[in-house]
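First up is the structure itself, then whatever we jot down about it.
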Amino acid sequence: MAKICVLRMEGTNCEWETFLAFKRLKGDAEFVHIKQILKESEEERFLEDYACVIIPGGFSSGDYVRAGAIFASRLSKLKKEIIEFIEEDKLLGGICNGFQVLVELGVLPGIGEALSEEKKAVLTVNDSNLFECRPTLLRHVNGGKCIFTRRYTKDKIVIFPSAHAEGKLVFGGEDTLEKMIENDQIVFRYTDSKGDYAGYPWNPNGSTYNIAGICNERGNVFGLMPHPERVFYSYTHPDWTRNSMGVYGDGMPLFKSILDYIDG
Amino acid sequence: MNTLHLVSEVDLIGSDDDYLRRISEDMGLGLSVGELKIIEDYFKKRGRNPTDIELQSLAQAWSEHCCYKSSKTLLKRYILIDVPQNILMGEDAGILEFNDEYAYAVAFESHNHPSNIEPYGGAATGIGGIVRDVVCMGATPVALIDPLFFDPLKGIKSKFLLNGVVSGISDYGNRIGVPTISGMVYFDEDYVSNCLVNVGCVGIVKKSEIIRSRAKEGDLFILVGGRTGRDGIHGVTFASAELSEKSEEDRGAVQLGDPITKEPLIHACLEANERGLLDGMKDLGGGGLSCVIGEMALAGGCGAEIELENVPLKEEGLKPWEILVSESQERMMLSVDPKNLKEVLGIFEGWDLLATVIGKATKGRSLNIRYGKEKIYEIDLNFLVDGVRYNRIYEIKNKEEKIERFNEPRNYEEIFSSILSSPNIASKESIIRRYDHEVGGRTVLKPLQGEIGFSSHGDASVIKPLEDSYKGLAITSDINPSFMKINPYKGSLSAVDEVCRNLVSVGSLPHSLADCLNFGNPEKPLVMGYFHESVRALGEIARELGLPYSSGNVSFYNETPEGSIPPTPVILGVGIIEDIRRSITSDIKGRNPIYLIGETREELGGSEYLKIIGVSGVVPDVNIKVLKRSIEAILKEMARGNIASCHDISEGGIAVCLAEMCMGGNIGANIDLSLMGEMIANRRFANLKISDFQMRSDIKLFSESNTRWIVEVNKKREEEFVEDLKDQGLGCTYLGKAGGDGIRISDKKKGLINIPLDKIRDIWGKGLEKFLR
């Protein structure tokens, strides 16, 4: 069975529920501290041994500077290995703080090259200028490029809760958004309860084009601000007592899609 | 190194009262002359004067904050008796039975004084401390609770305090990854002197991994986590006195929080404990190193030796006494058998955390401290830890409760709107959303409940702490300070009643309580009288309900020359729900019948309604037997699937309760009050004519009588529900039906309120928001 790395450092705090999401589906996940892949620890681990690496949510290193920047800068010592990892079509995903790390690292938006030295996007401070924790509705708009969400039909609306202070995706370069749409790199967009694209609070941070999640051009690097791991089961949905559903919540198919791919 | 100039002898023996008073003031000890004389006597018998470090350490251990010298007598008389069976242990946190394999831990305390001087840091380190209290029992923290009390947001100071406190909780709690799921925000003019910041934490622990705060002879003391600095010096002595305009100078008594050291520290401590490598663990909070090592050694029946020079410091130049009493954050003390030392150090190294051996547990019963080669400290542990105790004089004087006559309002909609937008009733969404309430993925019921985008206040939150069990913990906290100001006895009963109401509303059986008792200066007999009446009531109701107080804290001296706070005993309640998939929320689900459970009386004293019209009334009482029966009956109805939603009636009465239920469900209601109030309005008026028993509509709508709920009954089960309640001998009154897009309330064909839901949401939603930015 292919191995999954749940990568953490001080301040990562959504690793447990992320790890459990894989375990519940019999995935072979393990926690890895960043020291272990940076060869700063006796219990060394190697990126190449994993089929999928997930960077969970949290406040890595406190996020006192731009969110995710320190995690990304520590990871950038492994640039060569990361590029190889991506080019071998393995899966690299980031949720919330993990998404911020992937953008800071330059592997997202991931147009053309696997890792771009030039920054093409940034996840900046929410329009409200506050950390906010609220349920958000997302439309799955991906046409099939993104490996992480293949279990969701196109236009399916899901509830994933958001909890962040810096989730507003802004692009550099006038045609970046256009190119991404053309490449089928937009994965989730915030909507209101009628399924329309709307402003705050439905779009909790003021993100461009209501974007909540994107993937790279190959479809194997994926970042998302809201938290699918918090809605693995239906009973942690924000409205489960009024809108009954089955055992599983909206987040489960995301982890199932990953396992479909890495375990064949 | 020459330590002579670092430690000095204090000339206590034979000094007069004036000199003793001056010593206490100059050294910032906060000890009384009488206390210093006890200390003088102790050292006289040993033929020497104390060193400054010895005196400082005693001052910390003997502070009100650490040794409960004013409250211990009354707490023992009323609260800490007949400890029920489900309390497994009580140290830094109380430990209670969860299931065969697991227990839950509860800790609850105040961080008032620091938060008044430095709201952001004070609130943040309050969270930090309470989380350590739970972790040091070996428990994984799964929930945070934050009851807050402020002056109404009129002046710039109260906005500064509220914003600082909320940001502090948000920034710290969110970073360490523990969800903030419950709490309250209350406004009253009498908090102008001090705001209150109470913090609670609930954790879950395998029974076999519960660890004590003690050391065994031969153990090494390992200090782990943060470095020690000058922040947080004299924190406990500062918290054991009234604040004054000079208190700003004491900002050094407030600690600095570092959540990014705390987050891995939690993991590393729990990992070391799970691997069975620790003999004891205790958090470093109030009073610093000497308190912690003293208590661990005393509990383990041994003595201790500390090498103070080994303590890792933030900056150079700290005097030995400063190192000893510093309350720097993010530190824990482990007692470890030498054979496990290497493995423990390895775990902390793996998380990039400091871990340093600073001493060992020895034979004997004293604490000895060395700095370099010099011995600078030797005190018997019993003398250090036991402290002193006072029987403070109290005077019980309740304000007269009288019903003032006033006219029935002409315009109910106007009164209803002012109540909805008053800061105690208005939506707290703008604060709640700043706390991550679902990190961990365990939060089943959130603080805001209902349709996405339209949610409203719930009664309690529910956590599913274990992966392999559907059993859950419901958590809430309550107090109504307006009741307390008029009648501390009934106010305290009401707090426990409300906690039970909230826990039952979500479908859980009340299981344990914790109390954080915030009062003014205990040296004043009136304040002590409030305290006496409050703990008497808390003890009485809990005993009758069979609920234990698992954890608690007393915070005195919440006053300044401007005045004292209202007596504020905050009660935290934990309920057990056997299957979280059966939890009930407060939002209306469909076009179902709506019933009132419980008796409405003319009890408007301290109510939001009377506050607005400015007259006085009688504070709600509690009939504990009826409360007990109601809890059983409602839970039974829920188990039978008869109840679709449930909400407790508290501030603002039936009117506000209905509004919150309708807003959450985004469904209106048509209500007729005419079936209410046929019962005897108030027993005090039993000699009045029958016509006087017809209760006025404003009293029906806005009375805040205890032990009441509004339930939405599944329409197919209505008959069964009514029969069941009758069998239980409980009053239930048909109020009307859910439906439509507005709230319409009438009484005997007289229309009182007819407002569209959107408008109600707007009034309620913006009540507080306008103050916050």
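Identify, by number, the condition in (1) open to solvent by less than 20 Å² (accessible area, probe 1.4 Å); (2) closer than 28 Å to B:E438 by Cα; (3) within 14 Å of chain B (Cβ to nearest Cβ) that A:I54 doesn't meet. Exception for A:I54: condition (3). When we screen B:I432, B:I425, B:I419 for residues that are at the interface with chain A (Cβ under 10 Å from one of its Cβ atoms), under 20 Å from B:N480 (Cβ atoms) and surrounded by 21 or more Cβ atoms within 10 Å (Cβ to Cβ), the only hit is B:I432.
Only one of the numbered conditions (1) outside any strand (DSSP E or B); (2) within 10 Å of chain A (Cβ to nearest Cβ) is violated by B:S482, and that is (2). Residues that are of a type in the set (S, T, Y), closer than 18 Å to A:E229 by Cα and more than 14 Å from chain B (Cβ to nearest Cβ) within segment A:133-173 comprise A:T149, A:Y152, listed in sequence order.
The set of residues in segment B:691-731 that are assigned to a helix (DSSP H, G or I) and of a type in the set (A, V, I, L, M) comprises B:I699, B:L701, B:V722, B:L725.
Any residue that is open to solvent by 50 Å² or more (accessible area, probe 1.4 Å), more than 17 Å from the chain's Cα centre (by Cα) and under 21 Å from A:W240 (Cα atoms) - is there at least one of those in segment A:136-156? Yes - at least one qualifying residue is present in segment A:136-156. When each of B:L55, B:L74, B:L36, B:L29 is tested for being without any contact (Cβ under 8 Å) to a residue 40 or more places away in the chain and either among the β-branched types (V, I, T) or crowded, with 21+ Cβ neighbours inside 10 Å (or both), the lone residue that passes is B:L36.
Per-residue answers, yes or no, for (1) within 18 Å of B:D648 (Cα to Cα); (2) assigned to a loop (DSSP other than H, G, I, E, B):
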residue	(1), (2)
B:I541	no, no
B:L547	no, yes
B:G575	yes, no
B:I588	yes, yes
B:R591	no, yes
B:R601	yes, yes
B:K611	no, no
B:S616	no, yes
B:V619	yes, yes
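For residues in segment B:348-375 being touching a Lys or Arg at 6+ places or on another chain (Cβ under 8 Å) and among the hydrophobic types (A, V, I, L, M, F, W, C), which is farthest from A:R8 (Cα to Cα)? Spell out how you get there, then give the answer.
Keep residues of segment B:348-375 that are touching a Lys or Arg at 6+ places or on another chain (Cβ under 8 Å), which gives B:350, B:352, B:354, B:361, B:368-369.
Next, only the ones that are among the hydrophobic types (A, V, I, L, M, F, W, C) stay: B:354, B:361, B:369.
Values: B:L354: 19, B:A361: 36, B:I369: 39 Å.
Ranking the candidates gives B:I369 first.
Look at segment B:578-598: where a residue is under 16 Å from B:S456 (Cβ atoms) and a partner is among the acidic types (D, E), sitting 6+ places away or on another chain with Cβ atoms under 7 Å, you get B:S586/B:D459; B:S586/B:E660; B:D587/B:E451; B:I588/B:E712; B:K589/B:E712; B:I594/B:E712.
What number goes with the only condition from (1) out of contact with any Gly (no Cβ under 8 Å at 6 or more places or on another chain); (2) within 30 Å of B:P566 (Cβ to Cβ); (3) loosely packed, with under 15 Cβ neighbours inside 10 Å that B:K397 does not pass? So the condition that B:K397 fails would be (1).
Residues to consider are A:G219, A:G223, A:G213, A:G249; find the one that is within 12 Å of another protein chain (Cβ to nearest Cβ) and open to solvent by less than 20 Å² (accessible area, probe 1.4 Å).
A:G249
Here segment A:1-24 is the region considered, the condition is being in contact (Cβ under 8 Å) with a residue 40 or more places away in the chain, farther than 15 Å from A:Y50 by Cβ and open to solvent by 30 Å² or more (accessible area, probe 1.4 Å), and the residue that is nearest to the other protein chains (Cβ to nearest Cβ) is A:E10. Of all the numbered requirements in (1) within 14 Å of chain B (Cβ to nearest Cβ); (2) in a helix (DSSP H, G or I), A:V32 misses one, and that requirement is (2). Consider A:D239 carefully, then state whether it is more than 9 Å from every other protein chain (Cβ to nearest Cβ) and farther than 16 Å from A:G110 by Cα. No: the conditions fail for A:D239.
Quickly run through segment A:37-50 and pick out the residues that are over 21 Å from A:D263 (Cα atoms) and either surrounded by fewer than 16 Cβ atoms within 10 Å (Cβ to Cβ) or within 9 Å of another protein chain (Cβ to nearest Cβ) (or both). Step through it out loud before you land on a result.
Going through segment A:37-50, the residues over 21 Å from A:D263 (Cα atoms) turn out to be A:37-44.
Result: A:L38, A:K39, A:E40, A:S41, A:E42, A:E43, A:E44.
So, A:Y200, is that one within 14 Å of another protein chain (Cβ to nearest Cβ), surrounded by 19 or more Cβ atoms within 10 Å (Cβ to Cβ) and more than 19 Å from A:L102 (Cα to Cα) or not?
Details: within 14 Å of another protein chain (Cβ to nearest Cβ): yes; surrounded by 19 or more Cβ atoms within 10 Å (Cβ to Cβ): no; more than 19 Å from A:L102 (Cα to Cα): yes.
So A:Y200 does not fit the description; no.
Counting only residues that are under 19 Å from B:K282 (Cβ atoms) and either open to solvent by 20 Å² or more (accessible area, probe 1.4 Å) or of a type outside the set (V, I, T) (or both), segment B:313-337 holds 12 of them.
The residue that is farthest from the other protein chains (Cβ to nearest Cβ), counting only those in segment B:441-459 that are assigned to a loop (DSSP other than H, G, I, E, B) and in contact with a helix residue (DSSP H, G or I) (Cβ under 6 Å, 6 or more places away or on another chain), is B:D459.
From the residues in segment A:188-197 that are outside any loop (DSSP other than H, G, I, E, B) and out of contact with any helix residue (DSSP H, G or I) (no Cβ under 6 Å at 6 or more places or on another chain), which one is nearest to the other protein chains (Cβ to nearest Cβ)? Before you say what the answer is, go through the steps one by one.
Just the residues of segment A:188-197 that are outside any loop (DSSP other than H, G, I, E, B), to begin with: A:188-191.
Okay, now just the ones that are also out of contact with any helix residue (DSSP H, G or I) (no Cβ under 6 Å at 6 or more places or on another chain), so A:188, A:191.
Details: A:F188: 16, A:T191: 11 Å.
Out of the qualifying residues, it is A:T191.
Among residues of segment B:145-171 that are among the acidic types (D, E), those with a Cβ under 7 angstrom from a residue that is buried (at least 18 other Cβ atoms within 10 Å of the Cβ) and in a helix (DSSP H, G or I), sequence gap 6+ or separate chain, pair up as B:D146/B:I169; B:D151/B:S158; B:D151/B:Y191; B:D151/B:V192; B:D171/B:A124. Which residues, counting only those in segment B:568-586, are open to solvent by 10 Å² or more (accessible area, probe 1.4 Å), facing another protein chain (nearest Cβ under 10 Å) and among the aliphatic types (A, V, I, L, M)? Residue satisfying the conditions is B:I584 alone.
When you scan segment B:339-354, how many residues do you find that are over 23 Å from B:A299 (Cα atoms) and either of a type in the set (V, I, T) or open to solvent by less than 30 Å² (accessible area, probe 1.4 Å) (or both)?
Applying the first criterion (over 23 Å from B:A299 (Cα atoms)) to segment B:339-354 yields B:342-343, B:345-354.
Within this subset, residues satisfying the condition of being either of a type in the set (V, I, T) or open to solvent by less than 30 Å² (accessible area, probe 1.4 Å) (or both) are B:347-348, B:351, B:353.
Number satisfying all stated conditions: 4.
Exactly one of (1) outside any loop (DSSP other than H, G, I, E, B); (2) open to solvent by 20 Å² or more (accessible area, probe 1.4 Å) is unmet by B:A474. Its number? With respect to (1) outside any loop (DSSP other than H, G, I, E, B); (2) open to solvent by 20 Å² or more (accessible area, probe 1.4 Å), B:A474 is out only on (2).
The values are calculated or read from the model by the stated rules, or taken from the named source; none is laboratory data. These numbers were taken from a predicted model, which means no experiment stands behind them. Cβ atoms come from the backbone with ideal geometry, glycine included; neighbour counts cover every protein chain shown. Calculation scope for accessible area: heavy atoms of the full protein, side chains included, ligands and nucleic acids excluded. Shrake-Rupley method; radii C 1.70, N 1.55, O 1.52, S 1.80 Å.
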